[in-house]
Amino acid sequence: MSNVEEAMSRSVARTLMSSLETLQSIHFNKNSLPDNLITFMSKLNLTEQTSLIQSARHYVAININIPALERQIQALENKREEKELEDIYLLQGAPLILMRRLFGMHASEFSRRRNILNIRGVGSGRPPLCNEESEHQVWKLWQHNNPLNERERFLKIADETNLDLHLIWGALRAHIDS
């Protein structure tokens, strides 16, 4: 057994020993430990418990479900990519209503994330609007990029026009919500 597996086995045994006072056989899902064995282990003195922990490699088997671990890692990776995409949108000036539409983001999360990214508000009053020429260009690009999903379309338009997402949303909102 390698050093990592041995250390993991001892850690499991140590946790088992420290839980003996409240432990019962019903607490186990797969590997049931009989109550009489739990009772016997709880009567061991400290030296005997230490000895039992040190020899854990003989009775504790470590098994890692690789496909399940890979699925969990992939889910975390997807979550990270989603958060990075949200950050890109926030940094490019996406308003709350757009973040809610594309990501289901709540107002408190929107504010918290903008704070973390050190993004300050644009001020009070009406949000700025595109001029007519820019609005027409945004609409043409929106239609031209129809094969892309909404998230990709907004970023593509922002990239091609150098407008922030707040302005793009203002130009498109009436057309795409109807």
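The values are calculated or read from the model by the stated rules, or taken from the named source; none is laboratory data. Keep in mind it's a predicted model, so treat the numbers as computed, not measured. Note that each Cβ is placed from the backbone with ideal geometry, even for glycine, and that neighbours are counted across all protein chains shown. Only protein heavy atoms, including side chains, enter the accessible area calculation; ligands, DNA and RNA are left aside. Shrake-Rupley method; radii C 1.70, N 1.55, O 1.52, S 1.80 Å.
Assorted remarks:
- Accessible solvent surface per residue of the chain, calculated while the other protein chains remain in place, 1.4 angstrom probe, Å²: 71 Å²
- Using C-alpha pairs below 8 Å separated by at least 6 residues, the relative contact order for the chain is 19 percent.
- Simple point charges give the picture: +1 on the Cβ of Lys and Arg, -1 on the Cβ of Asp and Glu, and for segment 26-175 a dipole about the Cα centre of about 440 debye.
- You can think of it this way: the chain between Thr161 and Ile73 has 28.0 nm of extra reach, that is 0.36 nm per residue less the Cα-Cα gap.
- The trypsin sites (Lys or Arg not before Pro) found in segment 56-162 that occupy coil by DSSP, while having at most 14 further C-beta atoms within 10 Å, are Arg120.
- Volume per residue of the C-alpha convex hull in the chain, rounded to whole Å³: 225 Å³
- In this view, the solvent-accessible surface of His106, computed with a 1.4 Å probe and all protein chains in place, comes to about 120 Å².
- Computed from label points 7 Å out along Cα-Cβ, the spacing between Leu96 and Ala7 is 4.7 nm.
- Full-extension gain in nm, Ser18 to Ala174, via 0.36 nm per residue minus C-alpha separation: 49.9 nm
- Net +/- balance of residues flanking Asn145 in space, Cβ distance below 14 Å, scoring K and R +1, D and E -1: 0
- Counted charge near Glu77, where neighbours are those whose Cβ lies closer than 14 Å (Asp, Glu -1; Lys, Arg +1): 0
- Against the main long axis of the alpha-carbon atoms of the chain, helix 132-144 sits at an angle near 50°.
- Along the chain, counting only chymotrypsin sites (Phe, Trp or Tyr not before Pro) with a DSSP assignment other than H, G, I, E or B and at most 13 other Cβ atoms inside a 10 Å radius, the longest segment between sites is 60-178.
- When the chain is treated as a GNM with alpha-carbon contacts under 10 Å, the residue of Asn36, Asn146, Asn131 showing the greatest mean-square fluctuation is Asn36.
- Portion, in percent, of the accessible area of the chain that falls on carbon or sulfur, probe 1.4 Å: 51 percent
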